[in-house]
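Notes follow once the structure below has been shown.
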Amino acid sequence: MPLPSKNQMISWILPLLVALIALIIYTTNSQKPDTANGNRNLRLGNPSTAVHDPAQPDNYLIERPQYVLSYNRDHGTPNWVSWRLTESDLGDVPRSNVFKSDTTMLPDEWYHVRTDDYTGSGYDRGHMCPSADRSAPPEENNQATFLLTNILPQAPNNNREAWEQLESDSRSWVRKGHVLYVIAGGDGDNGTIADGKIQVPKYTWKIIVVMPVGESDITKITAETPVIAVRIPNNLNEKFGDWETYQVTVAKIESITGYHFFTNLSSEIQQSLKTKKDPVPAT
DNA sequence: CTGGACCGC
DNA sequence: GCGGTCCAG
């Protein structure tokens, strides 16, 4: 058997080396996800300084191309979910409708909330980043919104009425050319479901920064940029009004949650955005 | 996966 | 009617 030529050696070793290096880069990156500020969904700041570190199980950063969130292991829900919404996020991908445990982003030994945990609870599997906000191809965008780390138990009348109407109006603003920076979550204690594995929040809240038409760069945000914030009761059998009924200041949500929003903006602009209640943009 | 329900526009 | 949110089987 003749010795392999130099060329044959290279044809074997080179791909092997490339594969090895790629594997090293891949594993290194999956342990250290993109820095939070580089993700388009978290440009305004990280409200609870969440980190992707199992030592902080109740403020555990999960970054996806579709949204970024802080997960609370002991609540089985996100603390908050943050995403950017633009016209190019809206498309024709059908609603996946398949709620799934998040098996890729949580430490193996943590409890992984299952779709069955919500069945018969009386609460909806309430999307924070909505399905319809991630309807542009590929399908993974929509499927990602059905991961249960993006879900919290939401009273049906909250989810399907006031909350849904605000989501729908938001998409209407986006179709008129506005880019939105959105962050949503729950606060308070309305008991638990699934034998205590999932905490039900007493309120759901949402903050929306409405960018000038055609702008997505946060340096274009001024003290006059509209901000819409709501905090909606999450009680079964609550009688709900229009979402405008529930408008609050961002300062109110900060004082209740202890989070700090808009930390990537100047303190002057923060002060303005947090203390005003803006009129509702035209839909 | 399908079919059925709700709601608001 | 439609499009959005779900549910149960």
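So the values come out like this:
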{"quantity": "Of residues in region A:162-196 being surrounded by fewer than 18 Cβ atoms within 10 Å (Cβ to Cβ) and touching a Phe, Trp or Tyr at 6+ places or on another chain (Cβ under 6 Å), the one modelled with the highest pLDDT", "calculated": "A:Gly188"}
{"quantity": "Considering residues of region A:133-164 that are closer than 22 Å to A:Tyr246 by Cβ and small (Gly, Ala, Ser) only, the residue nearest to DNA strand B (Cβ to nearest atom)", "calculated": "A:Ala162"}
{"quantity": "Residue count for region A:241-262, restricted to those that are within 18 Å of the chain's Cα centre (by Cα) and either surrounded by 16 or more Cβ atoms within 10 Å (Cβ to Cβ) or in a helix (DSSP H, G or I) (or both)", "calculated": "7"}
{"quantity": "Hits in region A:117-144 (condition: of a type in the set (Asp, Glu) and surrounded by fewer than 18 Cβ atoms within 10 Å (Cβ to Cβ))", "calculated": "A:Glu139, A:Glu140"}
{"quantity": "Restricting region A:134-175 to residues that are under 24 Å from A:Phe262 (Cα atoms) and outside any helix (DSSP H, G or I), the residue that is nearest to DNA strand C (Cβ to nearest atom)", "calculated": "A:Ile151"}
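The values are calculated or read from the model by the stated rules, or taken from the named source; none is laboratory data. If you're wondering where the values come from, they're calculated on a predicted model, not measured in any experiment. Virtual Cβ from ideal backbone geometry, glycine too; neighbours counted across all protein chains shown.
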